[in-house]
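My questions will all concern the structure given below.
The values are calculated or read from the model by the stated rules, or taken from the named source; none is laboratory data. Note that the structure is predicted; figures quoted are calculated from it, not measured. Cβ: placed from backbone, ideal geometry, glycine included. Neighbour counts: every protein chain shown.
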2 protein chains.
Amino acid sequence: MADRTRFDLQDDDLPTAWLNIMPDLAGVAQPLPPLHPGTLQPITPDLLAPLFPEALILQEVSTEPWIDIPGPVLDVYRLWRPTPLYRATRLEAALQAPAHIYFKHEGTSPAGSHKPNTAIAQAYYNKEAGVRRLSTETGAGQWGSALSMACEFFDLECLVYMVRASFEQKPYRRIFMETFGATVVPSPSDGTDAGRKILAEHPDSTGSLGIAISEAIEVAAANPDTNYSIGSCLGHVLLHQTVIGLEAQKQMEQAGEAPDVVVGCVGGGSNYAGLAYPFMVGKLRGETPDMRFLATEPAACPTLTKGRFAYDFGDTAGLTPLLPMYTLGHGFVPAPVHAGGLRYHGDAPSLSLLVKEGYMEAVAYTQNEVFEAARLFAHTQGIVPAPESAHAIRGAVNEAIAAREAGEERVILLGLSGHGNFDMQAYDDYLNDRLPEVEFDDQDLTLSLTELPEVPVG
Amino acid sequence: MADRTRFDLQDDDLPTAWLNIMPDLAGVAQPLPPLHPGTLQPITPDLLAPLFPEALILQEVSTEPWIDIPGPVLDVYRLWRPTPLYRATRLEAALQAPAHIYFKHEGTSPAGSHKPNTAIAQAYYNKEAGVRRLSTETGAGQWGSALSMACEFFDLECLVYMVRASFEQKPYRRIFMETFGATVVPSPSDGTDAGRKILAEHPDSTGSLGIAISEAIEVAAANPDTNYSIGSCLGHVLLHQTVIGLEAQKQMEQAGEAPDVVVGCVGGGSNYAGLAYPFMVGKLRGETPDMRFLATEPAACPTLTKGRFAYDFGDTAGLTPLLPMYTLGHGFVPAPVHAGGLRYHGDAPSLSLLVKEGYMEAVAYTQNEVFEAARLFAHTQGIVPAPESAHAIRGAVNEAIAAREAGEERVILLGLSGHGNFDMQAYDDYLNDRLPEVEFDDQDLTLSLTELPEVPVG
């Protein structure tokens, strides 16, 4: 029999607690608190109470290293978790590289990505708190799909503001959400102050995650029976995603190897943090100092590679607390590249801090090099990846090529955050040479950051 | 911990041989041979040589009970096999039925269905025989997607005639195939005699599997470097699919239960045969006489429930040998219902014989009752099924309801042949009450069967 290529866990191996990186991160760096946008003082939990249930607010500020996963959440996780870890031997052979490439396949979830890991948890805690409806934003539609499913499971209504560029590119995503009973509205919409303001200035706006977040928050803040749910960036979201990395650790043990480098794509940062943080803890503790972490992002929205580390709003309208993060400015509207889930102006604060402190590397790729890697992955492993995940594949492929050129072995762990079944238009554009090579203009950074409040950053 | 809901196999549990039902079927019934369309005599293997490699022709007529799976085919199977078996406890709870519903999830393959099980094998044997290109038909696109991927893996060109109704409903399926390098042509086309003949009579023809098969066969017959590849109906196709049932048997053993009824959907019959035949062998041998087998099909194309058991062509133009099967007549063009993979005028001869001899039951459903079951499945289990697979779900749901009404426990094994990610237009139509309740008109049967050659049937 050939080398083993799949590493499955049993039901019993499903993690029963989420890993909170904050205690270990605080041991090596100084995490900054979110600030109240009016007072510029650290926020108190009550500011978040109109948007989130208490359980999630407590997770957002928790300093406990482990947080138990509630039984009803585990019961739903078992619909598809643990997810498989594969070794991509056919990709390795095509690259003729002395690399072992493992990928954790989160595209096996019913919604097609890692997003249900937190959607299920958020829906559960909100239901427990007596909430009737959740409002949210979605870019590519992965998050909206996951929350729609989660709300159906926990008998909540779901209102999704979908970035208009994706709404028009991806009608199948809209229908998927509607199949689970969600209401899907293209953003910017004329149903909120935030949306109307954008439309007045830019009637043809294709939208952005930042705008959609503003709309979803506005609705939640104005309606006592409605809470807001976010798909990335915040601490509790990253926390819930750590089931990915906790499973992957056990699976890498099965494989008898430890990764030299852990690669993922970053929009807000949740899928990559979910994979990376359980491994990162060892690095922060000095146990695995040489393990590398590589965050990949689109050249059209290069927050980690060209953004500034600064306090900024999480949304376009400036409704959220100020977060300490790499940002291109909350007014920045990225070009409508196909990786809609990576079109976000900022990044998770903890992940930003890890990059700033040198624990994590970052690299940006243009669309055509990303889809070239995606096609190679499909042609060798059979799986057509989501455009977002294809950034991580590009990173892994480049790592393998570097290993070949250096004549050294390398173990690469890759986060495959989702499948591309709803992204075929992007592949059609790639195959027919219709993908523009959009790159970020440094001038955009300067312009939008002038709008940032003047807050000193450590 | 709750009841176990997932039953995974390890790499070592992957079947290493396919199960051939013909020896056992011959023990209880009299399988009829395919006939030469000219002489009406049993065909000899040389008639098939222009279309298929020798290895597959030998499998088509084999009387061996087991046929070894070649190593290179196993290596590719390992990209996604063994597939998971789940118990649908949330669906059971919603139905408040004393039933245990298990489903074998073939939608976890890279192409999204069971089809790669035979596509990989067919591509391998053709490559070994020195073939340069494969031509084929596809209805919903599941089969074309699988063969496109298989051809890429084994370095073959792939030419797909896609039923025009699906070509227009499902552009994402076309792009998926093109991503793997296939050439996709809407059928009927003006590139073949068979296509031109149809277009001359029906310029607006939405096509059918039968027409697309004619076109693909014509091209293969006319080009020495091109073979034909078929996605269902023939014996070697059903043979390759038995990995589904062989795995499911081991998984049901893990669960500690045996099915009372095995349910699947039938177009040509390959996915259902693949699941059912390993269990059926026990019934044919008298070991499990009470195990029931339920084949489900669309009311718009009710071959098993309203067709006649007769010799008929496998394609519309009459290029294939005559097959003994349930048929609506090879000239029948089903209404363009969304379950494109079930729009076929005939059925696999072995499966037809099992129905005729009473070993297998059959039932037909209309579109809305099928999608109602699909939505219930999505709302409880999270998975949005393919419209074809939704027929099987309807069957399983009805079995569970019958068990509840009878006040008896029932173990139901359901074949989930594929996911519905490429079928969202169908869900949009269902959610917006745009699905016509198309039913078969008995007059169509009479009319089209008058064209059949007069051949006595046993």
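For the list (1) more than 21 Å from B:ALA378 (Cβ to Cβ); (2) in contact with a Cys (Cβ under 6 Å, 6 or more places away or on another chain), I need the number of the one condition that A:VAL185 fails.
The single condition A:VAL185 does not satisfy is (2).
Can you list residue pairs whose Cβ atoms sit under 6 Å apart, with the first residue in the stretch B:77-99 being among the basic types (Lys, Arg) and the second being at pLDDT 95 or above and assigned to a helix (DSSP H, G or I)? Count only pairs 6 or more apart in sequence or on different chains.
Pairs that qualify, where the first residue is among the basic types (Lys, Arg) and the partner is at pLDDT 95 or above and assigned to a helix (DSSP H, G or I), are B:ARG90/B:THR380; B:ARG90/B:GLN381.
Please determine whether any residue of the stretch A:99-109 is within 11 Å of chain B (Cβ to nearest Cβ), surrounded by fewer than 24 Cβ atoms within 10 Å (Cβ to Cβ) and more than 28 Å from B:SER109 (Cα to Cα).
no
Filter the stretch B:401-423 down to residues that are surrounded by fewer than 24 Cβ atoms within 10 Å (Cβ to Cβ) and not in a loop (DSSP other than H, G, I, E, B) and give me whichever is nearest to the other protein chains (Cβ to nearest Cβ).
For the stretch B:401-423, the residue satisfying everything is B:VAL411.
Conditions (1) among the aliphatic types (A, V, I, L, M); (2) part of a helix (DSSP H, G or I); (3) more than 13 Å from A:ARG394 (Cα to Cα), marked per residue:
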| position | (1), (2), (3) |
| --- | --- |
| A:HIS338 | no, no, yes |
| A:GLY341 | no, yes, yes |
| A:HIS345 | no, no, yes |
| A:LEU351 | yes, yes, yes |
| A:VAL355 | yes, yes, yes |
| A:GLY358 | no, no, yes |
| A:ALA362 | yes, no, no |
| A:ASN368 | no, yes, no |
| A:GLU372 | no, yes, no |
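Yes/no per residue for (1) more than 14 Å from chain B (Cβ to nearest Cβ); (2) touching a helix residue (DSSP H, G or I) at 6+ places or on another chain (Cβ under 7 Å); (3) farther than 17 Å from A:TYR102 by Cα; (4) crowded, with 24+ Cβ neighbours inside 10 Å:
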{"position": "A:PRO349", "(1), (2), (3), (4)": "yes, no, yes, yes"}
{"position": "A:ALA362", "(1), (2), (3), (4)": "yes, yes, yes, no"}
{"position": "A:ARG375", "(1), (2), (3), (4)": "no, yes, yes, no"}
{"position": "A:GLU388", "(1), (2), (3), (4)": "yes, yes, yes, yes"}
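Report the residue count in the stretch B:204-231 for those that are in a loop (DSSP other than H, G, I, E, B) and out of contact with any Lys or Arg (no Cβ under 8 Å at 6 or more places or on another chain).
Within the stretch B:204-231, the first condition is being in a loop (DSSP other than H, G, I, E, B), and the residues that meet it are B:204-208, B:223-225, B:229-231.
Subsequent filtering for residues that are out of contact with any Lys or Arg (no Cβ under 8 Å at 6 or more places or on another chain) retains B:204, B:224, B:229-230.
Qualifying residue count for the region: 4.
Conditions first: (1) within 30 Å of A:GLY407 (Cβ to Cβ); (2) within 10 Å of chain B (Cβ to nearest Cβ). A:ALA146 passes all but one, so which condition is the exception?
(1)
Now for a separate question. Taking the stretch A:9-32 only, how many residues are free of Cβ contacts under 8 Å to residues at least 40 places away in the same chain and of a type outside the set (Asp, Glu)?
Step one: of the stretch A:9-32, the residues free of Cβ contacts under 8 Å to residues at least 40 places away in the same chain are A:12, A:26.
This time we only want the ones that are of a type outside the set (Asp, Glu), so: A:26.
Total meeting the criteria: 1.
For the stretch A:237-264, which residues satisfy the criterion of being in a loop (DSSP other than H, G, I, E, B) and among the hydrophobic types (A, V, I, L, M, F, W, C)? Write out each step before concluding.
Going residue by residue through the stretch A:237-264, those that are in a loop (DSSP other than H, G, I, E, B) are A:256-260.
The one that is in a loop (DSSP other than H, G, I, E, B) and among the hydrophobic types (A, V, I, L, M, F, W, C): A:ALA258.
Out of the stretch B:347-383, which residues are among the basic types (Lys, Arg) and either modelled with pLDDT under 95 or more than 30 Å from B:PRO321 (Cα to Cα) (or both)? Give the derivation first.
At the first step, the residues of the stretch B:347-383 found to be among the basic types (Lys, Arg) are B:356, B:375.
Once the filter is applied, which keeps residues that are among the basic types (Lys, Arg) and either modelled with pLDDT under 95 or more than 30 Å from B:PRO321 (Cα to Cα) (or both), the stretch B:347-383 yields only B:ARG375.
Looking only at the stretch A:370-382, decide whether some residue is among the polar types (S, T, N, Q), touching a residue at least 24 places away in the same chain (Cβ under 8 Å) and under 18 Å from A:LEU435 (Cβ atoms). Before the answer, list the steps.
Let us first name the residues in the stretch A:370-382 that are among the polar types (S, T, N, Q), namely A:380-381.
Filter again for touching a residue at least 24 places away in the same chain (Cβ under 8 Å), leaving A:380-381.
If we keep only those that are under 18 Å from A:LEU435 (Cβ atoms) as well, we get none.
Taking every residue of the stretch A:370-382 in turn, none turns out to be among the polar types (S, T, N, Q), touching a residue at least 24 places away in the same chain (Cβ under 8 Å) and under 18 Å from A:LEU435 (Cβ atoms).
Something else now. Take the residues in the stretch A:1-11 that are among the acidic types (Asp, Glu) and assigned to a loop (DSSP other than H, G, I, E, B), then tell me which one is modelled with the lowest pLDDT.
If we filter the stretch A:1-11 for residues that are among the acidic types (Asp, Glu), which is where we start, we get A:3, A:8, A:11.
In the following step, the residues that additionally are assigned to a loop (DSSP other than H, G, I, E, B) were identified as A:3, A:8.
Working: A:ASP3: 74, A:ASP8: 89.
In this case the residue turns out to be A:ASP3.
So which residues in the stretch B:15-30 are in contact with a Leu (Cβ under 8 Å, 6 or more places away or on another chain) and surrounded by fewer than 18 Cβ atoms within 10 Å (Cβ to Cβ), if there are any at all? Steps first, please.
If we filter the stretch B:15-30 for residues that are in contact with a Leu (Cβ under 8 Å, 6 or more places away or on another chain), which is where we start, we get B:15-16, B:18-21, B:24-25, B:27-29.
Matches in the stretch B:15-30: B:THR16, B:GLY27, B:VAL28, B:ALA29.
Another question, then. So, restricting to strands (runs of 3 or more DSSP E) that lie completely within the stretch A:111-199, which ones have at least 1 residues that are of a type in the set (S, T, N, Q)? Spell out how you get there, then give the answer.
Working: elements: A:133-138, A:157-163, A:183-187.
Hits in the stretch A:111-199: A:133-138, A:183-187.
Which one is farthest from the chain's Cα centre (by Cα), of the residues in the stretch A:173-208 that are more than 14 Å from chain B (Cβ to nearest Cβ) and polar (S, T, N, Q)? Explain how you work it out, then say what you get.
Of the residues in the stretch A:173-208, the ones more than 14 Å from chain B (Cβ to nearest Cβ) are A:185-208.
Restricting the remaining residues to those that are polar (S, T, N, Q) gives A:187, A:189, A:192, A:205-206, A:208.
On the way: A:SER187: 20, A:SER189: 24, A:THR192: 26, A:SER205: 23, A:THR206: 21, A:SER208: 15 Å.
In this case the residue turns out to be A:THR192.
So which residues in the stretch A:279-301 are of a type outside the set (A, V, I, L, M, F, W, C), touching a residue at least 60 places away in the same chain (Cβ under 8 Å) and surrounded by fewer than 22 Cβ atoms within 10 Å (Cβ to Cβ), if there are any at all? Steps first, please.
Start the filter on the stretch A:279-301 by keeping residues that are of a type outside the set (A, V, I, L, M, F, W, C), which leaves A:282-283, A:285-290, A:292, A:296-298.
Checking the rest, the ones that are also touching a residue at least 60 places away in the same chain (Cβ under 8 Å) come to A:283, A:285, A:292, A:296-298.
Result: A:LYS283, A:ARG285, A:ARG292.
Scan the stretch A:41-49 and tell me whether some residue there is touching a helix residue (DSSP H, G or I) at 6+ places or on another chain (Cβ under 9 Å), free of Cβ contacts under 8 Å to residues at least 24 places away in the same chain, in a loop (DSSP other than H, G, I, E, B) and closer than 28 Å to A:ALA150 by Cβ.
Taking every residue of the stretch A:41-49 in turn, at least one turns out to be touching a helix residue (DSSP H, G or I) at 6+ places or on another chain (Cβ under 9 Å), free of Cβ contacts under 8 Å to residues at least 24 places away in the same chain, in a loop (DSSP other than H, G, I, E, B) and closer than 28 Å to A:ALA150 by Cβ.
To keep it simple, each residue is scored yes or no on (1) basic (Lys, Arg); (2) touching a residue at least 24 places away in the same chain (Cβ under 8 Å); (3) crowded, with 24+ Cβ neighbours inside 10 Å.
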position	(1), (2), (3)
B:ARG164	yes, yes, no
B:PHE176	no, yes, yes
B:PRO186	no, yes, no
B:SER189	no, yes, no
B:ASP193	no, yes, no
B:SER205	no, yes, no
B:GLY210	no, yes, yes
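All but one of (1) surrounded by fewer than 17 Cβ atoms within 10 Å (Cβ to Cβ); (2) in contact with a Phe, Trp or Tyr (Cβ under 7 Å, 6 or more places away or on another chain) hold for A:PRO33; which doesn't?
(2)
For the stretch B:59-80, what are the residues that are within 21 Å of B:THR226 (Cβ to Cβ) and loosely packed, with under 15 Cβ neighbours inside 10 Å?
Of all residues in the stretch B:59-80, those within 21 Å of B:THR226 (Cβ to Cβ) come to B:59-60.
Hits for the stretch B:59-80: nothing passes.
Just give me the residues in the stretch A:424-445 being part of a loop (DSSP other than H, G, I, E, B) and within 14 Å of chain B (Cβ to nearest Cβ), in sequence order.
Here is the first cut: in the stretch A:424-445, the ones part of a loop (DSSP other than H, G, I, E, B) are A:432-441.
Passing the criteria: A:ASN432, A:ASP433, A:ARG434, A:LEU435.
Limited to the stretch A:78-98, what total is found for residues that are within 14 Å of chain B (Cβ to nearest Cβ) and part of a loop (DSSP other than H, G, I, E, B)?
Initial filter on the stretch A:78-98 (within 14 Å of chain B (Cβ to nearest Cβ)): A:78-94.
Filter again for part of a loop (DSSP other than H, G, I, E, B), leaving A:78-84, A:88.
Looking only at that region, the number is 8.
Do we have any residue at all in the stretch A:12-33 that's under 26 Å from B:ALA111 (Cβ atoms), within 11 Å of another protein chain (Cβ to nearest Cβ) and not in a helix (DSSP H, G or I)? First the steps, then the outcome.
Initial filter on the stretch A:12-33 (under 26 Å from B:ALA111 (Cβ atoms)): none.
Scanning the stretch A:12-33, I find no residue that is under 26 Å from B:ALA111 (Cβ atoms), within 11 Å of another protein chain (Cβ to nearest Cβ) and not in a helix (DSSP H, G or I), so the answer is no.
Can you tell me which residue among B:ILE57, B:ILE67 is among the β-branched types (Val, Ile, Thr) and part of a helix (DSSP H, G or I)?
Details: B:ILE67 fails: part of a helix (DSSP H, G or I).
Checking each option against the conditions leaves just B:ILE57.
Also, I was wondering about something else. How many residues, within the stretch B:149-165, are aliphatic (A, V, I, L, M), away from every other protein chain (no Cβ under 14 Å) and closer than 17 Å to B:ILE230 by Cα?
Let us first name the residues in the stretch B:149-165 that are aliphatic (A, V, I, L, M), namely B:149-150, B:156, B:159-160, B:162-163, B:165.
From the residues that got through so far, the ones that are away from every other protein chain (no Cβ under 14 Å) too are B:159-160, B:162-163, B:165.
Of the ones still in play, those that are also closer than 17 Å to B:ILE230 by Cα are B:159-160, B:162-163.
Qualifying residue count, the stretch B:149-165: 4.
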